[in-house]
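These notes are about the structure you will find just below.
The values are calculated or read from the model by the stated rules, or taken from the named source; none is laboratory data. Here the structure is a predicted model, which is why all the values come from computation and not from measurement. Note that each Cβ is placed from the backbone with ideal geometry, even for glycine, and that neighbours are counted across all protein chains shown. Accessible surface areas use protein heavy atoms only, side chains included; no ligands, DNA or RNA. Shrake-Rupley method; radii C 1.70, N 1.55, O 1.52, S 1.80 Å.
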Amino acid sequence: MFENRIKAGELLGSRLSLYKESNSLLAAIPRGGVVVGKAISDMLKIPLTLVLTRKIGAPGQSELAIGAVASGGVIVRDEKLISDLSVSEKYIKNEIKEETKVMALRQKKYGKCTINLRGKQMILVDDGIATGATVKAAIAYLRKQKVNKVILAVPVAPKDAVEELKPLVDKIIVLDTPDDFSSVGQFYRYFPQVTDEEVVKLLQQ
C-alpha cells in the first residue's frame, strides 16, 4: 500500500538511482503518472516529458480497455477482446476519433513537447498498470520515435500485465505485483483524481 503518488514516485526513484543525472529522459503518462514522474525527476535530476495516451473503452464498459491511442497516430488494439465482445469497426473508429480529440486538447493545455527523443534512453512511468493498454500505446509511441531503450517503471501492476509487457521493453521495474488486483487506486491510501491544472503546474516547477 502506497501513501500517495509522490511517495510511490520516491520509492521508484530509489530503485532507479542507477540512472541519476544520466542522459536518460523520464516520460510520464498523464495525468497520475506525472505526479509519480515529477517525484522521480526531482530525485534523480532527470528531465521530465510526457507521452499522451487515451484508453479505448469497450461499448457500455468504458473502464474495460479494448485498445488505446497515443500521440502521433499510434493505435494499439486488443484483437482477442474486440473479437470476444464483437465490437464493430465503426465503434472503434469513432472512439479513436474522439480520444484523439481529447489528446489534442490536453496537448494544447500542457504545451508542445519539443524534446528530441531519438537515440535516448527513456524511463516510462505511470502511477500503476491495470490492463496495460495505455502503457502499450506509450511504448509504441516511444519506439516510433526511435529511442534507444525503454525502461518501464511503475509502483503496481498485476502479474499477467507485467508478463505481457516484458517483451515490449528493455527493462521493467514494478514495486508490487499483487495477486488480488481490481484497480490501481486500491493500492494507494490517498488517490485523488489529478487535474490538467496540476499537470501544468508540475511541468512548470
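Points worth noting:
- Among ALA27, GLN61, VAL76 - extreme Cα towards positive end, dipole of region 1-132, charges at beta-carbon: ALA27
- With θ taken as phi - 60° and the Karplus curve 6.51 cos²θ - 1.76 cosθ + 1.60 applied, the whole-hertz 3J(HN,Hα) list for region 67-82 is x, 7, 10, 9, 4, x, x, 6, 10, 10, 10, 9, 4, 5, 5, 4 Hz, x standing for glycine and proline.
- Principal axis extents of the C-alpha atoms in region 57-178 (largest first, rounded to whole Å): 38, 37, 22.
- Cα-projected label distance for THR177 with ASP196, points at 7 Å along beta-carbon direction, nm: 3.7
- Relative contact order of region 107-205, taken over Cα pairs closer than 8 Å and 6 or more residues apart, is 29 percent.
- Dipole magnitude of region 36-194 about its Cα centre (Cβ charges: Lys, Arg +1; Asp, Glu -1), debye to nearest 20: 1100
- Relative counts (whole %) of C-alpha pair distances in the chain, using bins that are 10 Å wide: 9, 36, 39, 14, 1
- Residues LEU203, LEU105, LEU124, sorted by accessible area with the largest first, give LEU105, LEU203, LEU124 [1.4 Å probe; ligands and nucleic acids excluded].
- Kirkwood hydrodynamic radius of region 19-98, from inverse mean 1/r over distinct Cα pairs, in Å: 14.4
- Amide H within-cut-off set for ASN148, under 5 Å, with H built and near neighbours excluded: GLY119, LYS120, GLN121, MET122
- Separation in nanometres of the label points that stand 7 Å from Cα toward Cβ, at GLU63 and LYS45: 4.3
- Springs join every pair of Cα atoms under 10 Å in this Gaussian network model of the chain, and among ALA133, ALA104, ALA27 the largest mean-square fluctuation is at ALA104.
- Student exercise, region 4-54 dipole from Lys, Arg, Asp, Glu Cβ charges, in Debye to nearest 20: 180
- Cβ-based charge dipole, the chain, positive-most Cα from LEU12, TYR190, ILE151: ILE151
- Region 1-105 - percent of accessible surface contributed by carbon and sulfur, probe 1.4 Å: 52
- For LEU64, the amide hydrogen comes within under 5 Å of the amide hydrogens of ALA58, counting only partners 5 or more places away or on other chains and with H modelled in the peptide plane.
- Average accessible surface for the chain: 51 Å² per residue, computed with a 1.4 Å probe over protein heavy atoms with every protein chain in place.
- Probe 1.4 Å, all protein chains present, accessible-area order of ASP126, ASP179, largest first: ASP179, ASP126
- Sparse packing (at most 13 other Cβ atoms within 10 Å of the Cβ) combined with a DSSP loop state is found for the following GluC sites (Glu not before Pro) in region 1-83: GLU3, GLU21.
- Calculated mean residue ellipticity at 222 nm for the chain: -12000 deg cm²/dmol, from DSSP H runs with n ≥ 4 weighted as -39500 (n - 2.57), summed, divided by the residue count and rounded to 500.
- Build a GNM of the chain with springs between Cα atoms under 10 Å apart, and of LYS144, LYS93, LYS20 the one that fluctuates most is LYS93.
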